[in-house]
Amino acid sequence: MPATVVPLPANSASETIDFLRRMASMVSGRNGEMLLRAAALIESLTHRAMTAERLYHAQQEENTRNAKLREVANRASDGLLRQLDALRGQLAEAAAQAAAERDAFAAERAEFEAERTRFEVERGKLLGLMQHAESHITGITAELATLKASVDAFNETAVTVPIEVLRLARAQFDHLSAGFAEKGDVISQTMSEIGGFALEQALTAKLSA
């Protein structure tokens with residue numbers, strides 16, 4: 001437990017010292033020396049007490065200052081801790097949002113890659129169909145030329161055919177073409193249309209004649 005410092009009266013020590021020194025001047029021998037020593041000791045103790053009192057008050061002021069600074073530091077520390085907690089929350093939220101966006105982007109990219117793969121597959125199929133169709137068109141064109149030549153040769157040597165028979169045959173080719181179209185048989189459909197076109201030309205020529 002710290003000692004309690006009691007301030008000394010302003011004039012009591014000096015008055016006592018003066019009194020002892022006056023007494024020493026009036027007393028000779030050992031008693032006078034003892035009085036002088038007592039006065040010097042009191043004076044020394046007085047100075048030491050005053051110094052201790054000043055130091056005590058300075059220490060009290062320093063402690064008060066330190067307490068205020070500690071209080072300010074504690075408040076600042078609490079504020080910084082609150083800010084740190086808020087920043088941690090914001091960081092966690094931002095990290096969660098970034099992770100969600102990254103997952104969404106990854107899903108979109110995977111969907112895009114799958115769509116591109118499907119597109120490439122469909123593109124390959126379409127290219128194959130186009131090449132196949134071009135090949136068949138070339139063949140059909142050649143067959144059409146051959147058929148036209150045959151029709152021309154046939155027309156030169158053909159006998160007269162009734163118009164109703166030509167119309168019936170034309171309707172039969174239309175029926176066959178529609179049936180092949182429903183089945184997706186492009187080649188047979190094209191050949192049926194060519195046959196129908198040839199009959200249509202013959203029918204038109206016959207009607208014109």
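The values are calculated or read from the model by the stated rules, or taken from the named source; none is laboratory data. It should be emphasised that the depicted structure is a prediction, and the values quoted were computed from it without experimental measurement. Every residue, glycine as well, gets a Cβ built from its backbone with ideal geometry; the counts of neighbours run over all protein chains shown.
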query: Any idea which of (1) touching a residue at least 40 places away in the same chain (Cβ under 8 Å); (2) exposed (fewer than 10 other Cβ atoms within 10 Å of the Cβ) is the one Ser28 doesn't satisfy?
result: (1)
task: Run down Arg21, Arg54, Arg48 and say which single residue is assigned to a helix (DSSP H, G or I) and surrounded by 12 or more Cβ atoms within 10 Å (Cβ to Cβ).
output: Arg21
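Yes or no: the range 105-112 includes at least one residue that is modelled with pLDDT of 70 or more and closer than 23 Å to Val186 by Cβ.
Step one: list which residues in the range 105-112 are modelled with pLDDT of 70 or more, which gives 105-112.
Cutting the leftovers down to closer than 23 Å to Val186 by Cβ gives us none.
No, the range 105-112 contains no residue that is modelled with pLDDT of 70 or more and closer than 23 Å to Val186 by Cβ.
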